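First comes the structure, then the notes that go with it.
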Amino acid sequence: MHVLLVNNSPIPVYGYGGTERVIWDLGQMLVRLGHRVSYLVPEGSTCDFGAVLPIRPDAPWDSQIPADVDITHFQFNPRTEIGTPYLVTEHGNARKPKPLPRNTVFLSRDHAARYGSTEFVYNGLQWESYGAVDFARPRDHYHFLGKAAWRVKNVSGAIRVAKLAGVELDVLGGDRINFRRGFRWTLSRRIHFFGMVGGAQKTERLNASRGLIFPVRWHEPFGLAVIESLYFGCPVFSTPYGALPELVPAECGVLADNAGALAEAVRANRFDPRACHDHAVRHFGAERMARDYLRMYERVLAGETLNAQAPVIQGEARSLAWRN
């Protein structure tokens, strides 16, 4: 099968870039499974296992899809009908209730349900690219991982949890002084800021962390920060919104909607890092993701329409409950 993966940002991304990492790992795994992969992405992208075609923003999609492609997999809504078989992965939460293509899949069961769908594929990552986990290393701090400037990620809540629990916190994805989303200035020397991180710097911090503090205030569509943290043996202390209950079983963390409960869980942390690691490897690897997408591709190529009705987001909440 020849799969064309389409994204509107370049690949590869070695720093922060969740969607880009997922589609890179998906393409590489599809090739390992015996399929052919091409990318239709912005100019300047490179790939050593598949062809790279530059997107022409003003040209119709049909004119940009090579004739020998079996199925085109968009990572965004193409906003027009395509004359050849295609699939769309919705990666976010829509701000407005606009219909998506009927062959749209989502990132988790909760994510799909909020669009009136049952079709989803969990994200997966190629864990070997993250390197080995050092379970013997002393771990004396926790971490937050995400775009801290985005209020629904609730870095202020993570800082509050860390302070109540009396632990040190590494903020990966934010700065001590923030002007972008309302002024925030964090004085505590027990809270360490690393800005936007990726690659070796990110894995180094995760390999030395006791857990992820991640009290998001929206319906997380999936949560790559969660599975990356679990891979490094870090239990997750988060809110019970979106996909979080699907990603974090009771043996791998605690979900609660208030700082006090999460701080108590952090103080009582006795989770087994190897159980967290094994959960991520078993359920959220790139091979499982690729095989799940192959089943979706086969359904579309057989003439099936994945959703009987065009998926539309159902009453998305932008800021969910959180008690500091």
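Test residue 147 against the criterion of being open to solvent by 30 Å² or more (accessible area, probe 1.4 Å), assigned to a helix (DSSP H, G or I) and either out of contact with any helix residue (DSSP H, G or I) (no Cβ under 6 Å at 6 or more places or on another chain) or not polar (S, T, N, Q) (or both), and give yes or no. If you could, list the steps in order and put the result at the bottom.
Values: open to solvent by 30 Å² or more (accessible area, probe 1.4 Å): yes; assigned to a helix (DSSP H, G or I): no; either out of contact with any helix residue (DSSP H, G or I) (no Cβ under 6 Å at 6 or more places or on another chain) or not polar (S, T, N, Q) (or both): yes.
Spelling it out, it is not the case that residue 147 is open to solvent by 30 Å² or more (accessible area, probe 1.4 Å), assigned to a helix (DSSP H, G or I) and either out of contact with any helix residue (DSSP H, G or I) (no Cβ under 6 Å at 6 or more places or on another chain) or not polar (S, T, N, Q) (or both).
Quick one: which of 115, 142 is touching a Leu at 6+ places or on another chain (Cβ under 6 Å) and either within 21 Å of residue 275 (Cβ to Cβ) or part of a loop (DSSP other than H, G, I, E, B) (or both)?
Values: 115 fails: touching a Leu at 6+ places or on another chain (Cβ under 6 Å).
When all the criteria are applied, what remains is 142.
Every residue, every condition in (1) at pLDDT below 95; (2) open to solvent by 20 Å² or more (accessible area, probe 1.4 Å); (3) more than 16 Å from the chain's Cα centre (by Cα), yes or no:
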{"residue": "201", "(1), (2), (3)": "yes, yes, yes"}
{"residue": "209", "(1), (2), (3)": "no, no, yes"}
{"residue": "225", "(1), (2), (3)": "no, no, no"}
{"residue": "263", "(1), (2), (3)": "no, no, yes"}
{"residue": "272", "(1), (2), (3)": "no, yes, yes"}
{"residue": "292", "(1), (2), (3)": "no, yes, yes"}
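Among the residues of the range 125-172, which ones are over 17 Å from residue 214 (Cα atoms) and not hydrophobic (A, V, I, L, M, F, W, C)?
So the first thing to find is which residues in the range 125-172 are over 17 Å from residue 214 (Cα atoms), and the list is 125-140.
Selection gives 126, 128, 129, 130, 131, 134, 137, 138, 139, 140.
Among the helices (runs of 4 or more DSSP H) confined wholly to the range 195-250, which include 1 or more residues that are small (Gly, Ala, Ser) and on the phi > 0 side of the Ramachandran plot? Before the answer, list the steps.
Values: elements: 199-206, 224-231, 244-247.
In the range 195-250, the matching helices (runs of 4 or more DSSP H) lie at 199-206.
Restricting to the range 46-75, name every residue that is in contact with an Asp or Glu (Cβ under 8 Å, 6 or more places away or on another chain) and either more than 24 Å from residue 18 (Cα to Cα) or surrounded by fewer than 16 Cβ atoms within 10 Å (Cβ to Cβ) (or both).
Our first condition is that a residue be in contact with an Asp or Glu (Cβ under 8 Å, 6 or more places away or on another chain); within the range 46-75, this holds for 54-55.
54 - this is the single residue of the range 46-75 that is in contact with an Asp or Glu (Cβ under 8 Å, 6 or more places away or on another chain) and either more than 24 Å from residue 18 (Cα to Cα) or surrounded by fewer than 16 Cβ atoms within 10 Å (Cβ to Cβ) (or both).
Which one is farthest from the chain's Cα centre (by Cα), of the residues in the range 137-159 that are over 21 Å from residue 270 (Cα atoms) and charged (D, E, K, R)?
151
Looking at the range 294-309 only, could you name the residues that are surrounded by fewer than 17 Cβ atoms within 10 Å (Cβ to Cβ), among the aliphatic types (A, V, I, L, M), in contact (Cβ under 8 Å) with a residue 12 or more places away in the chain and not in a helix (DSSP H, G or I)?
Restricting attention to the range 294-309, the residues satisfying the condition of being surrounded by fewer than 17 Cβ atoms within 10 Å (Cβ to Cβ) are 295, 298-299, 301-305, 308-309.
Next cut, among the aliphatic types (A, V, I, L, M) only: 301-302, 308.
Cutting the leftovers down to in contact (Cβ under 8 Å) with a residue 12 or more places away in the chain gives us 301, 308.
Hit for the range 294-309 is 308, nothing else.
Please find, among 240, 215, 235, 221, the residue that is of a type outside the set (S, T, N, Q) and open to solvent by 10 Å² or more (accessible area, probe 1.4 Å).
240
Could you tell me how many of the residues in the range 158-170 are more than 20 Å from residue 227 (Cα to Cα) and either aromatic (Phe, Trp, Tyr) or open to solvent by less than 70 Å² (accessible area, probe 1.4 Å) (or both)? It would help to see each step written out before you state the result.
Within the range 158-170, the first condition is being more than 20 Å from residue 227 (Cα to Cα), and the residues that meet it are 159-168.
Restricting the remaining residues to those that are either aromatic (Phe, Trp, Tyr) or open to solvent by less than 70 Å² (accessible area, probe 1.4 Å) (or both) gives 159, 161-162, 164-168.
Residues in the range 158-170 being more than 20 Å from residue 227 (Cα to Cα) and either aromatic (Phe, Trp, Tyr) or open to solvent by less than 70 Å² (accessible area, probe 1.4 Å) (or both): 8 in total.
Here are some conditions: (1) in contact with a helix residue (DSSP H, G or I) (Cβ under 6 Å, 6 or more places away or on another chain); (2) among the aromatic types (Phe, Trp, Tyr); (3) part of a helix (DSSP H, G or I). Residue 49 meets all but one. Which one does it not meet?
Failed condition: (3).
Output the number of residues of the range 84-126 satisfying the condition of being over 12 Å from the mean Cα position of the chain (by Cα) and modelled with pLDDT under 95.
Result for the range 84-126: 6.
Kindly establish whether residue 129 is touching a helix residue (DSSP H, G or I) at 6+ places or on another chain (Cβ under 6 Å), among the small types (Gly, Ala, Ser) and under 18 Å from residue 283 (Cβ atoms). Even if it seems obvious, please write down each step before you answer.
Details: touching a helix residue (DSSP H, G or I) at 6+ places or on another chain (Cβ under 6 Å): no; among the small types (Gly, Ala, Ser): yes; under 18 Å from residue 283 (Cβ atoms): yes.
Against the criterion (touching a helix residue (DSSP H, G or I) at 6+ places or on another chain (Cβ under 6 Å), among the small types (Gly, Ala, Ser) and under 18 Å from residue 283 (Cβ atoms)), residue 129 does not qualify.
Which of the residues that make up the range 1-21 are modelled with pLDDT of 95 or more and farther than 17 Å from residue 56 by Cβ?
1, 2, 3
Where residues in the range 243-260 are touching a residue at least 60 places away in the same chain (Cβ under 8 Å) and open to solvent by 10 Å² or more (accessible area, probe 1.4 Å), which of them is farthest from residue 94 (Cα to Cα)?
260
Inside the range 10-45, can you point out the residues that are open to solvent by 30 Å² or more (accessible area, probe 1.4 Å), in a loop (DSSP other than H, G, I, E, B) and in contact (Cβ under 8 Å) with a residue 40 or more places away in the chain?
Correct list: 13, 14, 15, 16, 33, 35.
Within the range 274-289, can one find any residue that is among the acidic types (Asp, Glu) and either at pLDDT below 95 or not in a loop (DSSP other than H, G, I, E, B) (or both)? Spell out how you get there, then give the answer.
Keep residues of the range 274-289 that are among the acidic types (Asp, Glu), which gives 278, 287.
Going one step further and asking which of them are either at pLDDT below 95 or not in a loop (DSSP other than H, G, I, E, B) (or both), we end up with 278, 287.
The answer is yes, given that some residue of the range 274-289 is among the acidic types (Asp, Glu) and either at pLDDT below 95 or not in a loop (DSSP other than H, G, I, E, B) (or both).
The values are calculated or read from the model by the stated rules, or taken from the named source; none is laboratory data. Bear in mind that the values here come from a model prediction, so they are computed numbers and not experimental data. Glycine also receives a Cβ, built like all others from the backbone with ideal geometry; neighbour counts cover every protein chain displayed. The area values use the complete protein model at the heavy-atom level, side chains included, leaving out ligands, DNA and RNA. Shrake-Rupley method; radii C 1.70, N 1.55, O 1.52, S 1.80 Å.
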